[in-house]
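The values are calculated or read from the model by the stated rules, or taken from the named source; none is laboratory data. This structure is a prediction, so every number in the text was calculated from the model and none was measured. Don't worry about glycine lacking a Cβ; one is built from the backbone with ideal geometry, like all the others, and counts go over all protein chains shown.
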Amino acid sequence: MIAEIGHFALLLALMTSIVQSSLPLYGAHRQDRSLMAVGSYCGVISFLLVAIAFVALAASFVNNDFSIKLVANGSQIAKPLIYKITGVWANHEGSMLLWVLILVVFAALIAAFGKNLPAPLKARVLAIQGMIATAFLAFLVFTSNPFERLMDAPADGSGMNPILQDPGLAIHPPCLYLGYVGFSVAFSFALAALIEGKVDAAWARYVRPWVLIAWCFLTLGITLGSFWAYYILGWGGWWFWDPVENVSFMPWLAGTALLHSALVVERRHALVSWTILLSILTFSLSLIGTFVVRSGVLTSVHSFATDPTRGTFILMILMVATGGGLLLYAFRIPAVRQGAPFAAVSRESSLVLNNALLVVAAATVFIGTFYPLLIDLIGRDKISIGPPYYNKTFVPLFVPLLIIMVVGPFLKWKRDDLGPALKKLNAPLAVSVIAIAALSVWTLGSHILAVLGIGLSVWIIVGSFWALAKRVKLWQVPIAQSFSILRSTPRAYFGLFLAHMGLGFVVGAIATVTTWQQENILAMKVGDRTVISTYGVKLVNVENIAGPNYNAERGTFELSSGGLAFKVLTAERRFYPLQQMQTNQTGIRTNLISNVYIAMGDADNEGGWTVRIYYHPLAPWLWIGGFTMALGGFVSLSDRRFRVGVGKANKLLPSNAIEVGE
Amino acid sequence: MTRVLAIIFLFAMATLGPALAVLPDEILKDPALETRARLISQDLRCLVCQNQSIDDSNAPLAKDLRIIVRERLSAGDSDAQVFDYVVSRYGNYVLLQPPLQQDTYVLWAAPFLLMVLALSIAFNYLRKRSRLSEGVEED
């Protein structure tokens, strides 16, 4: 019964979305206020209906209703409650339902909180959101019904892929989807602006919070995914250039570009047409991400769906959205007024370079991800594209961006002189050069690339601090005055500071961990000792543990430093009898500077176990950096500019905010 | 193509588990040779896995390949000879770094050509913009 309610709610949501995508559009054309308002009602109703469907599915999972195919195939009675709930989106149908839920949440938020939006713009945005919702609801209802019943319900389900039974996987997909789907709002705003033929600073101010939200969650999602892979896969890898990772990375790169170009539209009303185009492309890349993962077209670690009809359906949605968007762009962009001029050296021009480099980076990942498919289609050969390709293409192309990202914040809007601006950067430059020189001497020049990488990281981190120091006139005015400037500095500026610094952390961590990680792979018996880096490791005992739906072999290890034991670590190998699969629970000891990482392997025939011990210097900063970047986004989002009424915003800002800027 | 994918998928399902790669008994006595073996392994694809190198995979085929790599190295092969040997048996698909050949020129050149293109468009745009800005007084 519950499932039927859910199914019915989905059908109603489809109907509502069809209304939402048509009437408000017509209403905006006719300037009919009541027709335009239909969009808001539909947005909220769609949300309620999809929420009912989602709750119905979750309830079916929690109630172990194995007469539903999805529950029978992806759950079991003995599974812990949390994984019954997260099991809702650990499969194709459920994860698409989550996708749609997030989509309608965004539409409902626009409907409910977009009070300051001009009515026609709001109606058009909601109509386009409605079209996307219609397409994906139709996809759910016609190809991926989550509520399909089985004729004969089994007594117990066949269980969920144990590798997905992990807290990291509980929040990773929702975060990614919040990111992907969040970019749909930018897409809808872009198309609505094209229909109206009007883009102004207010438009950019409406869009930017949504882009920021999407970007924050995508950053969070990618960081969590990387961390999950690190601790669950058992060999200490954290980024694989796997197609499924790549398709989340492409919208991130494009979204980062969009974040910066929308800033230029908002502040200076330039780069207007480019920002519109980028909005369309970013959402396309998000759709491509959904398509690749859901269709399994590029087989890789996480794709658990392979059914061509579904792939074709999403491909159609992708083509209509992108093609339609680009077509509308081609016809309507001449009507959009060109933006304000700026000098060749200015904050704007640095952001133009940022965009050019980010787009090339995204294109490189795109080529690397899809080229094997192209070669396969031609049919003469099959190739693989893995980390070595990206190390030789993506990395060198990304380095210039990392260098100029420090310079940008020192430039003034509209017009600046490069000489004085660069002179302000002497301190960070000096610190980085000293760091590079010192490290080169220390390592006897043996790891030049890693040392340069760390130098780059120092450049970004010190540069970010320096920008803040210059802004508050540290050491130029009394400290109390610096403090008061700091307090009146808009939050968006701290957002910039944190996000840039976070990227600096990530760069430094990558350079360090890839170069200086150590590993020790050996067979250990109980009582055996070994060393990793400066730590001693002793296998204290191995015992069998019974979990709720698995059995585990748990190794207990003792870490010691200078002969003194200071930490006990456990590493497990779990066996899930229902699925006949094994997973790893690695033991990780972190002191926030480095990780000691232990994974248990098979027992050998001589009473020992294969044990893999790794030392990962600065590895924690990969994820601290990622979270710092996301935090920067959230801090920026809390800026009063986004909270106060649009139009009044400029007057309310402290005067220095406009001049020195974000 | 679909069949190949299906087979790979099936194998992958069987091997999705803890991916514990190099085993203690495989490790060569000579550390220099072992280091070379590890570096080579990182650039070879485990053919039955989803995008893993043989260094990261616990699939039996990956183990066989790791042993082959070590045997060739112990026999005195250079790194290039080892790669050639593996490619002659398994084709280009086994290389995680695609080879430079007629159908991959575009793959290798495109990122850098795009960079040149994007920068020239950006600079051209900036030049036009700044010329505009010189004509306009402060607003």
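Every condition in (1) touching a Pro at 6+ places or on another chain (Cβ under 8 Å); (2) assigned to a helix (DSSP H, G or I) is met by A:LYS115 except one, and the failing one is (1). The single condition among (1) in a helix (DSSP H, G or I); (2) crowded, with 20+ Cβ neighbours inside 10 Å; (3) within 14 Å of chain A (Cβ to nearest Cβ) that B:PRO98 does not satisfy is (1). Would region A:258-273 turn up any residue that is surrounded by fewer than 24 Cβ atoms within 10 Å (Cβ to Cβ), without any contact (Cβ under 8 Å) to a residue 60 or more places away in the chain and within 13 Å of chain B (Cβ to nearest Cβ)? No; the residues of region A:258-273 include none that is surrounded by fewer than 24 Cβ atoms within 10 Å (Cβ to Cβ), without any contact (Cβ under 8 Å) to a residue 60 or more places away in the chain and within 13 Å of chain B (Cβ to nearest Cβ). Within region A:232-247, at least one residue is more than 22 Å from A:TYR389 (Cβ to Cβ), within 12 Å of chain B (Cβ to nearest Cβ) and in contact with a strand residue (DSSP E or B) (Cβ under 8 Å, 6 or more places away or on another chain). With respect to (1) surrounded by 14 or more Cβ atoms within 10 Å (Cβ to Cβ); (2) more than 11 Å from every other protein chain (Cβ to nearest Cβ), the lone exception for B:PHE112 is condition (2).
Taking region A:364-393 as the region of interest, how many residues are more than 7 Å from chain B (Cβ to nearest Cβ), crowded, with 17+ Cβ neighbours inside 10 Å and hydrophobic (A, V, I, L, M, F, W, C)? Adding up the residues that qualify gives 3. Only one of A:ALA343, A:ALA361 is among the small types (Gly, Ala, Ser), at the interface with another protein chain (Cβ under 8 Å from one of its Cβ atoms) and either crowded, with 20+ Cβ neighbours inside 10 Å or under 30 Å from B:SER88 (Cβ atoms) (or both); which? Sole residue among the options that is among the small types (Gly, Ala, Ser), at the interface with another protein chain (Cβ under 8 Å from one of its Cβ atoms) and either crowded, with 20+ Cβ neighbours inside 10 Å or under 30 Å from B:SER88 (Cβ atoms) (or both): A:ALA343. For region B:58-71, state whether one or more residues are in contact with a helix residue (DSSP H, G or I) (Cβ under 6 Å, 6 or more places away or on another chain), surrounded by 16 or more Cβ atoms within 10 Å (Cβ to Cβ), under 27 Å from A:ILE367 (Cα atoms) and touching a residue at least 40 places away in the same chain (Cβ under 8 Å). No, because not a single residue in region B:58-71 is in contact with a helix residue (DSSP H, G or I) (Cβ under 6 Å, 6 or more places away or on another chain), surrounded by 16 or more Cβ atoms within 10 Å (Cβ to Cβ), under 27 Å from A:ILE367 (Cα atoms) and touching a residue at least 40 places away in the same chain (Cβ under 8 Å).
Is it true that A:ILE613 is within 26 Å of A:VAL506 (Cβ to Cβ) and touching a Phe, Trp or Tyr at 6+ places or on another chain (Cβ under 6 Å)? No, not satisfied. B:SER130 meets each of the listed conditions (1) part of a helix (DSSP H, G or I); (2) closer than 24 Å to A:PHE398 by Cα; (3) touching a Pro at 6+ places or on another chain (Cβ under 8 Å) apart from (2). Taken over region A:505-532, the criterion of being of a type in the set (Gly, Ala, Ser) and surrounded by fewer than 17 Cβ atoms within 10 Å (Cβ to Cβ) is satisfied by A:GLY527 alone. Of all residues in region A:362-380, at least one satisfies being in a loop (DSSP other than H, G, I, E, B), touching a helix residue (DSSP H, G or I) at 6+ places or on another chain (Cβ under 9 Å), at pLDDT below 90 and more than 30 Å from A:GLY463 (Cβ to Cβ). Among the residues of region A:587-642, just one is within 17 Å of A:GLU572 (Cβ to Cβ) and among the polar types (S, T, N, Q), namely A:THR610. B:TYR105 meets all of the listed conditions (1) of a type in the set (Phe, Trp, Tyr); (2) more than 8 Å from every other protein chain (Cβ to nearest Cβ); (3) closer than 30 Å to A:GLY234 by Cα but one, namely (3).
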